[in-house]
Structures are given as structure tokens and as C-alpha cells.
Ligand code: SAM
């Protein structure tokens with residue numbers, strides 16, 4: 001078989017299996033070897049590593065990862081791709097394909113199962129050319145479900161615009177809850193901007209390869225992580241309002257309390273959330289915690305990925 005990323009291979013495979021790509025599953029397959037290398041080299045896979053791949057598609061990244069890693073586990077939702085993957089990856093004995101929805105998969109269990117193998121892995125590296133329709137929810141699942149406990153890094157292709165929001169710094173329109181959350185959990189590095197021409201079918205927008213190194217220690221000192229995210233979500237929930245207004249609405253406490261907390265954190269109440277850096281959010285959250293304000297998220301409150309600045 002020709003290289004897996006070659007358009008000819010994709011055509012041969014789609015004909016053989018009468019496979020029609022699903023737009024709703026975000027199936028834009030990579031057809032450029034340089035970009036495959038960029039992701040694989042960027043993820044710094046070592047020969048004793050365990051790789052978890054999200055959405056293997058026809059297996060281009062899976063095969064390249066299997067060449068370098070001790071083992072690869074790939075989670076693919078589309079059951080039609082399972083026989084395809086069994087065919088395209090038949091020369092590898094270190095790949096396990098798991099059919100399922102990454103959002104519903106117990107990744108910790110999957111990794112623990114793999115770790116039962118006699119030889120220990122030195123690190124777990126997560127990779128993927130993510131389906132664009134759930135990029136942010138996938139990353140937030142990994143981060144909020146503490147992938148930092150079991151994985152070293154996440155090297156992924158995402159839409160360029162999402163990558164920009166994840167890397168954004170305070171002061172601009174694209175800085176939001178997603179930026180703070182991703183930067184809280186990870187060191188974010190942009191490895192490449194990727195033109196839409198390297199995918200088949202060609203999507204509407206360009207993409208980017210990001211490497212997220214999961215922090216073992218948070219970059220700020222928090223009394224309550226839950227409170228920190230509550231403050232971040234509340235602040236950006238109504239990002240055009242002043243912090244005094246957005247926080248009193250989002251945290252559901254009186255304006256007097258918010259005014260006192262802002263004063264104690266030395267933050268001007270007329271500022272907006274988009275001007276606060278991570279240290280300021282942390283300081284403010286710690287003041288709220290010290291005052292005994294509940295960190296619990298009210299029913300129906302939007303998540304980081306659904307908030308105004310987190311929409312796909
Ligand atoms: N890795 C392949 C490549 O680079 O050519 C395919 C990438 S394609 C952008 C995204 C892949 O994710 C598709 O194979 C799609 O079927 C799969 N996918 C979509 N939603 C998924 C989900 N919820 N869980 C797991 N895989 C999913």
C-alpha cells in the first residue's frame with residue numbers, strides 16, 4: 001500500500017469499503033506527510049511511551065505513532081472505520097483500536113488497562129487531529145478530568161481560531177475563559193499553522209498544531225480550584241459588563257460583597273474580565289473563598305467550552 005496519507009490510498013480505501021466521509025463527524029483526513037511528521041515529532045514520542053490517539057480516521061497518525069511508541073491506543077467513534085483501520089494498520093502489533101465516543105470513554109480506565117502490560121511505559125502522550133465540531137469539549141474533558149495525573153502532553157491539530165483563543169493573553173477580544181483554563185492546566189506552544197489544503201476533504205478554515213504540556217503544579221496558588229473556575233466563568237459569562245456586574249450576576253452574591261472582594265484583591269470594579277491576568281483571577285478567587293462564598297456551580301451555568309468566548 002502507498003503511504004497512508006496519500007490521496008490515492010484514501011481513494012482506494014474509500015472505494016474498497018464504500019466509505020463516505022461524514023461531515024458531521026468532522027472527518028477531514030490528513031493528506032500531507034510533512035504535517036503528519038510535524039504532529040508526531042512535536043509530540044516527542046519515545047520508544048517506551050504509550051500514545052493515546054483521539055479520532056484515528058484511516059490511521060495516518062496512528063501508524064506514524066506506532067513506529068515510534070511502545071504502544072498506541074486509538075479511540076474512534078465511527079464504527080465504519082474499524083474494519084478500515086484493521087486493514088490499514090495490519091502490519092502493526094502495538095496498536096489497539098477502541099470503538100467509542102471519546103467524550104464518553106473512561107480514559108483513565110483505558111490507560112490503566114494498557115499499563116497492565118509487563119513492561120512499564122515511561123510516559124503517556126495524547127495526540128490527535130481533532131474533529132472540529134467538539135475540539136473544545138474534548139480538550140476540556142481531558143483537562144477537567146485531570147489528564148495531568150496520567151499524561152505528559154497533548155499534541156493536537158485544532159482550528160487556527162481555537163488555537164489562537166487558547167494562547168490568547170489578557171487585553172484582547174479573544175482572551176476568555178478557554179484561554180485561562182487551558183493556560184492554567186498547560187504550557188501552550190504553537191508548533192505550526194496548517195493550511196486547509198492538507199486535508200481531504202478541504203475544510204473552510206486553516207488549522208494549527210498545538211503542544212500542551214500538562215502542568216504537574218498549577219501556575220497560581222489557589223485555596224479552591226472550583227472557586228477559581230467559578231470566578232473565571234462568571235467574569236467572562238457577561239464579558240462586556242464590568243467585573244462588579246458580571247461577578248454579582250454570575251456568582252449570585254450581592255454587589256456589596258463583590259465590591260468588598262474586589263477591593264481586597266486590589267482590582268478596580270469597573271474593569272472587565274478580559275483585562276485580568278491569571279494571578280488576578282487567582283487572588284480574587286482566594287478572597288471569595290476566604291469569605292466563605294460557595295464555589296458550587298449553579299445548575300445550568302455554562303461551561304468554559306459553551307461560554308460566550310468558548311463557542312466553536
Ligand atoms: N486522524 C485522522 C487524520 O488525521 O487523517 C482523522 C482526523 S479527523 C479530523 C477526526 C476523526 O475523529 C474522524 O476519524 C472522526 O470519525 C473521529 N471522531 C469524531 N468524533 C469523535 C468522537 N466523539 N470520539 C472519537 N472519535 C471521533
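Just one of the listed residues (94, 28) is over 13 Å from residue 125 (Cα atoms), surrounded by 14 or more Cβ atoms within 10 Å (Cβ to Cβ), assigned by TED's automatic domain parsing to the domain that holds residue 189 and within 11 Å of the ligand (Cβ to nearest atom), and it is 28. The set of residues from segment 97-109 being in contact (Cβ under 8 Å) with a residue 40 or more places away in the chain and either surrounded by fewer than 12 Cβ atoms within 10 Å (Cβ to Cβ) or away from the ligand (no atom under 13 Å from the Cβ) (or both) comprises just one member, 108. Give the residues of segment 60-81 that are within 10 Å of the ligand (Cβ to nearest atom) and closer than 18 Å to residue 107 by Cα, sorted by residue number. Residues satisfying the conditions are 62, 74, 75, 76, 77, 78.
Per the conditions (1) part of a loop (DSSP other than H, G, I, E, B); (2) surrounded by 24 or more Cβ atoms within 10 Å (Cβ to Cβ), the sole criterion not satisfied by residue 235 is (1). Here segment 128-141 is the region considered, the condition is being within 22 Å of residue 35 (Cβ to Cβ) and more than 9 Å from the ligand (Cβ to nearest atom), and the residue that is surrounded by the most Cβ atoms within 10 Å (Cβ to Cβ) is 139. Within segment 15-25, is even one residue in a helix (DSSP H, G or I), within 22 Å of residue 196 (Cβ to Cβ), without any contact (Cβ under 8 Å) to a residue 60 or more places away in the chain and out of contact with any strand residue (DSSP E or B) (no Cβ under 7 Å at 6 or more places or on another chain)? No, the conditions are met nowhere in segment 15-25.
Considering only segment 151-176, how many residues are within 28 Å of residue 30 (Cα to Cα) and in contact with a helix residue (DSSP H, G or I) (Cβ under 8 Å, 6 or more places away or on another chain)? Walk me through how you get there before you give the answer.
Step one: list which residues in segment 151-176 are within 28 Å of residue 30 (Cα to Cα), which gives 151-168, 174.
If we keep only those that are in contact with a helix residue (DSSP H, G or I) (Cβ under 8 Å, 6 or more places away or on another chain) too, we end up with 151, 154-159, 162, 165-168, 174.
Counting residues in segment 151-176 that are within 28 Å of residue 30 (Cα to Cα) and in contact with a helix residue (DSSP H, G or I) (Cβ under 8 Å, 6 or more places away or on another chain) gives 13.
Restricting attention to segment 206-229, the residues being without any contact (Cβ under 8 Å) to a residue 24 or more places away in the chain and closer than 23 Å to residue 157 by Cα number 0. Among the numbered conditions (1) touching a helix residue (DSSP H, G or I) at 6+ places or on another chain (Cβ under 6 Å); (2) within 14 Å of the ligand (Cβ to nearest atom), the only one that residue 38 does not meet is (1). A single member of 123, 114, 151 is surrounded by 13 or more Cβ atoms within 10 Å (Cβ to Cβ) and at pLDDT below 95, and it is 114.
The values are calculated or read from the model by the stated rules, or taken from the named source; none is laboratory data. Predicted model only: the values in this text are computed from it and were never measured. Counting neighbours? That spans all protein chains shown, and the Cβs are built from the backbone with ideal geometry, glycine included.
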